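Structure record follows, encoded as structure tokens.
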Amino acid sequence: MTDRKVTRPKPRAKGQTQPAKRGPQKRSHSTRKKILEAAIASLAELGYAATSSSVVQDRAKVSRGSLFHQFPSKVELMLGVVDYVYEQDVVFYEQALTGLSRDARAVALVQAAWQAFSSPGGMAVLQVLIGSIGDTELRAKLPSAFSRVTSRSLQQMSKSGISRGGERSLSPDPEFLLVRAALRGLALEAAIAPSRELIDDAVSLLAEHHEYYLKRMEEAPRSTKSRRTRPSSRA
């Protein structure tokens, strides 16, 4: 019988640690991120209808099994996109608004929101909204998803000291909905507008309106604020 030569591993130098292995959880997180970013790019570039599972799989360079392990259906993938974009937006708002005075935040918030809404992530979410019109399953699940991520985002911004403050910052009000809807509309308009300057002027006008609204709300009686009624536009 021939003796088998066994090579002993070389001892590590003093203080040298063994390279950390990439665990299954970390690989799964990385795969999920690649899929979501591929879906966002596809939605922003191709639209909802053309963003199929195969398109996302090719862009993310993952196996079909990995894709469906993370997101069993297109609807679940779209909901994941909404959640992922909102998480990124909160970080962006914190970076853009932290340190500004209360008055400066009124205008800066609208300008920052415009950057978020007109970014690939913002356009992807807009495509998800448009796609939900013809997708009954997505339309049924989207409101609760938006409510969840909006509430979480507003609470995080309040904790960071960059929201309007007080109880009004913890739940959407008519002004919040108006600004959000206007920015979404402008994001669509920007895709066909002949002049970018015109869009920028519209965003500035919206920011001025928001600043005016907040000042009027501060001046309004406390009872009016508690009822969340719109302040009179008349002098």
- Within the set of pairs 6+ apart or on separate chains, which have a first residue in region 42-55 that is more than 14 Å from Ile130 (Cβ to Cβ) and among the aliphatic types (A, V, I, L, M), a second that is modelled with pLDDT of 95 or more and not in a loop (DSSP other than H, G, I, E, B), and C-beta atoms under 6 Å apart? Val55/Ser42
- Query: What are the residues in region 207-224 that are surrounded by 13 or more Cβ atoms within 10 Å (Cβ to Cβ) and over 15 Å from Ala106 (Cβ atoms), if any?
  - Reply: Ala220, Thr224
- State whether one or more residues within region 111-131 are farther than 30 Å from Glu208 by Cα and either of a type outside the set (D, E, K, R) or touching a helix residue (DSSP H, G or I) at 6+ places or on another chain (Cβ under 9 Å) (or both). yes
- Query: Looking at Ser151, Ser169, which one is loosely packed, with under 14 Cβ neighbours inside 10 Å, in contact with a helix residue (DSSP H, G or I) (Cβ under 9 Å, 6 or more places away or on another chain), modelled with pLDDT under 85 and part of a helix (DSSP H, G or I)?
  - Reply: Ser151
- Message: If I filter region 190-206 down to residues being under 20 Å from the mean Cα position of the chain (by Cα) and in a helix (DSSP H, G or I), which single residue comes out as farthest from Gln111 (Cα to Cα)?
- Response: Ala190
- Task: Working only within region 77-94, note down all residues that are touching a Lys or Arg at 6+ places or on another chain (Cβ under 9 Å) and more than 16 Å from Glu37 (Cβ to Cβ).
- Result: Val90
- Taking Ser63 as the residue in question, decide whether it is modelled with pLDDT under 95, in contact with a helix residue (DSSP H, G or I) (Cβ under 8 Å, 6 or more places away or on another chain) and within 25 Å of Ala124 (Cα to Cα). no
- Query: Here are some residues: Thr51, Thr136. Which one is modelled with pLDDT of 95 or more, polar (S, T, N, Q) and over 19 Å from the mean Cα position of the chain (by Cα)?
  - Reply: Thr136
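The values are calculated or read from the model by the stated rules, or taken from the named source; none is laboratory data. Small disclaimer: the values here were computed from a predicted structure and weren't measured. A quick note on method: Cβ atoms are made from the backbone with ideal geometry, for glycine too, and the neighbour counts reach across all protein chains shown.
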